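Throughout, read-outs are computed from the coordinates displayed, never taken from laboratory work. All figures in this text were calculated on a predicted structure; none of them were measured in a lab. Glycine also receives a Cβ, built like all others from the backbone with ideal geometry; neighbour counts cover every protein chain displayed.
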Amino acid sequence: MSLSATDSQHGEAKGKIIDKTIAESRVRLSQFMHIDQANAVGNVHGGEIVKLVDEAGALAAIRHARSLVVTVAIDSMTFMEPIYVGNVVTLDAELTYVGNTSMEVRVEVIAENALTGARTTTNSAYLVYVAIDNQGRPQRVPPLIAETDDEREIMEAAHERQAYRKQQRQREKQARKRLKATQGSNVDQTDSKHV
Ligand SMILES: CC(C)(COP(=O)(O)OP(=O)(O)OC[C@H]1O[C@@H](n2cnc3c(N)ncnc32)[C@H](O)[C@@H]1OP(=O)(O)O)[C@@H](O)C(=O)NCCC(=O)NCCS
């Protein structure tokens, strides 16, 4: 069941699936970068940033679904600028798409030199989460409401990305099936030589 946008303004009704806006689950996390997060060169380790991106994205997805979520996809992440120890990293995460049980989140990373105030967008990424129940099974998430033309465009682009991922996933599944079948027939041939 899905209630209207007006209903959603009255908060979350227990047990009912209520449409939600992008703003309702938007997340901003800020963290000071410490020396123990540095790589051999002395900049912040890329893995630390990926972890923070995943945390911010997951929090936005949890806020939207109000359930546990798991990460199923992280699109390619490009690091455009280094992040230095002593920088304050801010992660802005917002939902861009929801399916039945999946949610795409865009996360933008900004590094700030707190002494000078200089801010740089260092990278952005799209991640996909699936809402799960207590048994780890995928469960329905509330529909996402676009409030502006910009948001509508963002959601349409996200829809296309998710359709592409689904296609890729289907291809991978078929490739795995073929590989398994080939491996199976190879095992049969090997066995028959020993008989
Ligand atoms: C998430 C999980 C329970 C889904 O189970 P499943 O049998 O694949 O379920 P489905 O095929 O019905 O997929 C569920 C949804 O996820 C989406 N999905 C699954 N894999 C995806 C991928 N690689 N990219 C994008 N979407 C994906 C499906 O399109 C579907 O979306 P929809 O319901 O909105 O249409 C299961 O894949 C899982 O446990 N994965 C491991 C997650 C994990 O451990 N992550 C790392 C640590 S958090």
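Only Cα pairs under 8 Å and 6+ residues apart enter the sum, and on that basis the relative contact order of segment 5-147 stands at 29 percent.
When the chain is treated as a Gaussian network with alpha carbon springs shorter than 10 Å, the biggest mean-square fluctuation among GLY184, GLY136, GLY117 belongs to GLY184.
Of ARG171, ARG66, ARG106, the residue with the greatest mean-square motion in the GNM of the chain, using alpha carbon springs below 10 Å, is ARG171. Ordering SER102, VAL44, ASN123 by the projection of their Cα atoms onto the charge dipole of the chain, which places +1 on the Cβ of Lys and Arg and -1 on the Cβ of Asp and Glu, puts SER102 at the extreme positive end. Against the empirical 2.2 N^0.38 Å (N residues), the chain has a Cα radius of gyration ratio of 1.30.
Between GLN139, GLN183, GLN162, the GNM of the chain built on Cα springs shorter than 10 angstrom shows GLN183 fluctuating the most.
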